[in-house]
């Protein structure tokens, strides 16, 4: 089996896909469009390949654990600009500096933890 090269897609299940897609649009500047089954998608182009982010209704995967969450971490080009955008949207942000760069952590509308990483 080959090594993983990049995240090709990430789908977040929620009871309110349009609102969560709008929140990610405001918080991170992503542009979502609705597709089948009331699922919203955005694409981030990278040198390696595209990363698709989906936000869909919980009914798409009924066996999912209610209340479970994951950390969505995204690399950003301009860390300070990204943090300014979040704070401008009145999103509480916790900053952590490390040898690898700077990290900012915050929660989306459903309480899922989200992180951005930059230098």
**Message:** Need pairs with beta-carbon distance below 6 Å; first residue on the phi < 0 side of the Ramachandran plot and buried (at least 20 other Cβ atoms within 10 Å of the Cβ) and within segment 13-30, second part of a helix (DSSP H, G or I) and at pLDDT below 90; sequence gap 6+ or separate chains.
**Reply:** 13/58; 17/38
**Message:** Quick check on segment 33-75: of everything there that is modelled with pLDDT under 80 and not in a loop (DSSP other than H, G, I, E, B), which residue is farthest from residue 9 (Cα to Cα)?
**Reply:** 59
**Message:** Looking only at segment 31-57, count every residue that is surrounded by fewer than 18 Cβ atoms within 10 Å (Cβ to Cβ), closer than 17 Å to residue 109 by Cβ and touching a residue at least 40 places away in the same chain (Cβ under 8 Å) and tell me the total.
**Reply:** 1
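Here's the yes/no breakdown for (1) surrounded by 13 or more Cβ atoms within 10 Å (Cβ to Cβ); (2) assigned to a helix (DSSP H, G or I):
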{"position": "77", "(1), (2)": "no, no"}
{"position": "82", "(1), (2)": "yes, yes"}
{"position": "86", "(1), (2)": "yes, yes"}
{"position": "92", "(1), (2)": "no, no"}
{"position": "104", "(1), (2)": "yes, no"}
{"position": "109", "(1), (2)": "yes, no"}
{"position": "114", "(1), (2)": "yes, no"}
{"position": "117", "(1), (2)": "yes, no"}
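The values are calculated or read from the model by the stated rules, or taken from the named source; none is laboratory data. This is a predicted model, so every value here is computed, not measured. Glycine also receives a Cβ, built like all others from the backbone with ideal geometry; neighbour counts cover every protein chain displayed.
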